[in-house]
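Here is the structure we will look at.
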Amino acid sequence: MQIPLTKPARITAISTGAAALIAVPAVALAVSGPGHSGSAGQVSARKEVQAASPQCDPGRAVKVQRKETYRKSTGERDVLINKSKRPVKRTYTLSKQATTKWNVNVEASASFKAWIFAEVNVKVSGGLEKSESITSTQSDETSVPPRTTLVVTRGFQMRRIYGYTYYTWSNCKTGKHQSFMLTAPYGRYTSFK
């Protein structure tokens with residue numbers, strides 16, 4: 001790096017050689033820049049660069065902690081009895097109309113509950129429905145083993161989700177957590193026991 005010199009210093013350097021550069025006043029050498037040890041360079045070296053604060057997209061989020069599945073019967077059943085020594089065909093008829101819906105146990109508006117439902121539905125890989133109903137009569141034939149009583153029941157396949165919601169601000173800090181439990185049907189079943 002070439003060091004700028006004042007006019008008197010430049011003349012001295014020419015007449016006495018390279019050793020004369022040491023005698024040049026420090027004021028003439030005070031330039032800021034990398035690798036320079038002059039007074040201005042020392043000032044710039046003391047400045048510290050502040051790290052950028054973390055940035056997050058603000059908004060609400062859901063954390064799913066636990067999932068359960070269970071069956072909810074419609075309460076109807078048909079009993080098929082075979083007292084013979086061989087399998088027989090029997091017809092069962094189930095006709096009760098029933099409906100089940102999802103619910104969330106937090107005190108919140110309907111839109112907020114719907115938002116929780118939509119978020120949880122994504123996090124459990126879909127499959128949750130807002131409501132499920134059984135409205136048509138089901139009449140089918142099944143085989144009953146010898147000397148057996150077969151009980152036919154049906155109902156809804158249910159999913160229960162435990163978790164909490166929270167808010168994240170732009171500085172990545174989170175707000176108060178609010179726990180919830182969501183239950184919703186995701187299918188139907190017919191059981192033979």
Identify all residues within segment 89-114 that are touching a residue at least 12 places away in the same chain (Cβ under 8 Å), outside any loop (DSSP other than H, G, I, E, B) and loosely packed, with under 15 Cβ neighbours inside 10 Å; write none if there are none.
K89, T91, T93, T99, K101, N103
Of the numbered conditions (1) open to solvent by 70 Å² or more (accessible area, probe 1.4 Å); (2) farther than 23 Å from A108 by Cβ; (3) modelled with pLDDT under 95, T149 satisfies every one except a single condition; which is it?
(3)
Matching option when the condition is of a type in the set (D, E) and part of a strand (DSSP E or B), among E129, E141, E119
E141
Pick from segment 120-130 the residues that are touching a residue at least 12 places away in the same chain (Cβ under 8 Å) and open to solvent by less than 60 Å² (accessible area, probe 1.4 Å): which of them is farthest from Q178 (Cα to Cα)?
G127
I need the full set of residues from segment 32-67 which are over 22 Å from K176 (Cβ atoms), surrounded by 11 or more Cβ atoms within 10 Å (Cβ to Cβ) and at pLDDT 55 or above, in order please.
K67
Residue under question is I116, and the condition is that it be touching a strand residue (DSSP E or B) at 6+ places or on another chain (Cβ under 6 Å) and under 30 Å from C56 (Cα atoms); does it hold?
yes
Taking the residues in segment 164-193 that are in a loop (DSSP other than H, G, I, E, B) and more than 24 Å from A108 (Cβ to Cβ) as candidates, determine which candidate is most open to solvent (accessible area, probe 1.4 Å).
K193
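The values are calculated or read from the model by the stated rules, or taken from the named source; none is laboratory data. If you're wondering where the values come from, they're calculated on a predicted model, not measured in any experiment. No Cβ is skipped: glycine too gets one built from the backbone with ideal geometry, and neighbour counts run over all protein chains shown. Ligands, DNA and RNA are excluded from the accessible area calculation, which covers all protein heavy atoms including side chains. Shrake-Rupley method; radii C 1.70, N 1.55, O 1.52, S 1.80 Å.
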